[in-house]
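Reviewing the structure listed below.
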């Protein structure tokens, strides 16, 4: 695995030294490792946002990829550092629910609590486990070190609640789950769930006082500045504004209700 791929997702931003330090540790241990940034602009301490973005990206990578993710408001506290081994990937990060969505999709083969100090840096800061603990573990794993050498197996981990859409007789109620860089409002209603509920019947997407009467195939089908609904690249219903920012135009935010109402009114 010397040429292994390691992805990085954090809320560290790119202004400070944090991301570079993590990369430096990994490359010092395995100079042949390929590093890929998913993002370092998760909103600070926003575990749910990190979980959503990671869930949207991880499966695009080749099997065997090591996904190192650190959104860790409890760094230095009692939360455990974990390594998840699934059928296709490895996931390294804090046990705080960051991997909740992934573990609903992936078959978990083993979960290891990272407690073998041999694979950490010699000095482990209480405030920067990304550099001192998670990065070296990812690097050694990329060199082919077996997962069980990093610590003992565990059979439980933290999951955080993600609100599921609520189906009623003639409506389905979800919520805005994520707002992306473009201001697109991504809901927790996935395309398959939507199709099963509507069954080719006409429906309206309601967000606040706004009613959207059809789904578009892509952004290009909307007129400039038009509010549209579509199934986005992640497979979820989203509300967008062609060539504008739906969050600002609609004054919407994460947690706002999105409703699918059968009929045309």
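Give the calculated FRET efficiency between residue 257 and residue 60 to the nearest 0.05, with a Förster radius of 35 Å applied to their Cβ-Cβ distance.
On the way: r = 30 Å, r/R0 = 0.87.
So, using R0 = 35 Å, E works out to roughly 0.70.
Let me have the relative contact order for segment 122-220, percent, based on Cα pairs under 8 Å that are six or more residues apart. Present the calculation step by step, with values, prior to reporting the outcome.
On the way: 54 pairs, mean separation 10.9, N = 99.
Computed value for segment 122-220: 11 percent relative contact order.
How many angstrom lie between the C-alpha centres of segment 1-52 and segment 219-263?
Computed from Cα coordinates, the inter-centre distance equals 30 Å.
Only bridges with both residues in segment 5-153 count here: give the DSSP antiparallel percent, nearest 5.
Numbers: 13 of 26 bridges.
Taking every DSSP beta bridge within segment 5-153, about 50 percent pair in antiparallel fashion.
Counting each DSSP H run of 4 or more residues in the chain as -39500 (n - 2.57), what helix-only mean residue ellipticity at 222 nm follows after dividing by all residues, to the nearest 500 deg cm²/dmol? Spell out each step's value before the answer.
Working: 6 runs with 48 residues, N = 265.
Helix contribution divided over all residues of the chain: -5000 deg cm²/dmol.
I'd like to compare 244-252, 90-98, 69-77: which one has the highest average count of other Cβ atoms within 10 Å, and what's the full order after that? If you can, show how the numbers build up before the last one.
Working: 244-252: 16.9, 90-98: 23.6, 69-77: 19.1.
Peptide ranking by packing, descending: 90-98, 69-77, 244-252.
Can you give the angle from 0 to 90° between the axis of helix 47-57 and the longest principal axis of the chain, with both taken from C-alpha atoms, to the nearest 10?
For helix 47-57, the angle is close to 90 degrees.
Let me test this: with uniform point scatterers at the alpha carbons of segment 111-155, what is the Debye-based log₁₀ I(q)/I(0) at q = 0.17, 0.25, 0.32 1/Å?
Those come out to -0.44, -0.88, -1.19, one per q.
At a threshold of 8 angstrom on Cα-Cα distance, excluding pairs fewer than six apart, so keeping six or more, what relative contact order does segment 5-153 reach in percent? Could the numbers behind the result be given before it?
Numbers: 281 pairs, mean separation 39.6, N = 149.
The value is 27 percent.
Normalised by the number of residues in the chain, what is the relative contact order in percent for Cα pairs under 8 Å and 6+ residues apart? Let's see the in-between values first.
Values: 545 pairs, mean separation 41.8, N = 265.
16 percent.
Counting other beta carbons within 10 Å of each residue's own, what order do 14, 65 fall into, fewest first?
Numbers: 14 13, 65 20.
Lowest count first: 14, 65.
Can you work out the base-10 log of I(q)/I(0) for segment 1-141 at q = 0.17 1/Å, using the Debye formula on its C-alpha atoms alone?
-0.87
Taking a ≥ b ≥ c as the square roots of the eigenvalues of the Cα gyration tensor of segment 1-55, is the shape rounded (a/c under 1.5), prolate (a/b larger than b/c) or oblate? Can you show the working numbers first?
Working: a/c = 3.37, a/b = 1.60, b/c = 2.11.
Oblate shape, in that a/c is at least 1.5 and b/c is the bigger or equal ratio.
What is the antiparallel percent of DSSP beta bridges lying wholly in the chain, to the nearest 5? Can you show the working numbers first?
Working: 39 of 54 bridges.
Percentage antiparallel, nearest 5: 70.
Determine the shape class of segment 173-265: with a ≥ b ≥ c the square roots of the Cα gyration tensor eigenvalues, call it rounded for a/c under 1.5, and otherwise prolate if a/b is greater than b/c, oblate otherwise.
Details: a/c = 1.45, a/b = 1.32, b/c = 1.10.
In terms of gyration-tensor shape, rounded.
None of the figures in this text is laboratory data; all of them are computed from the coordinates on show. In this text the structure is predicted, and so the values were computed from the model without any measurement. Cβ coordinates were reconstructed from backbone atoms using ideal geometry, including for glycine residues, and neighbour counts include every protein chain displayed.
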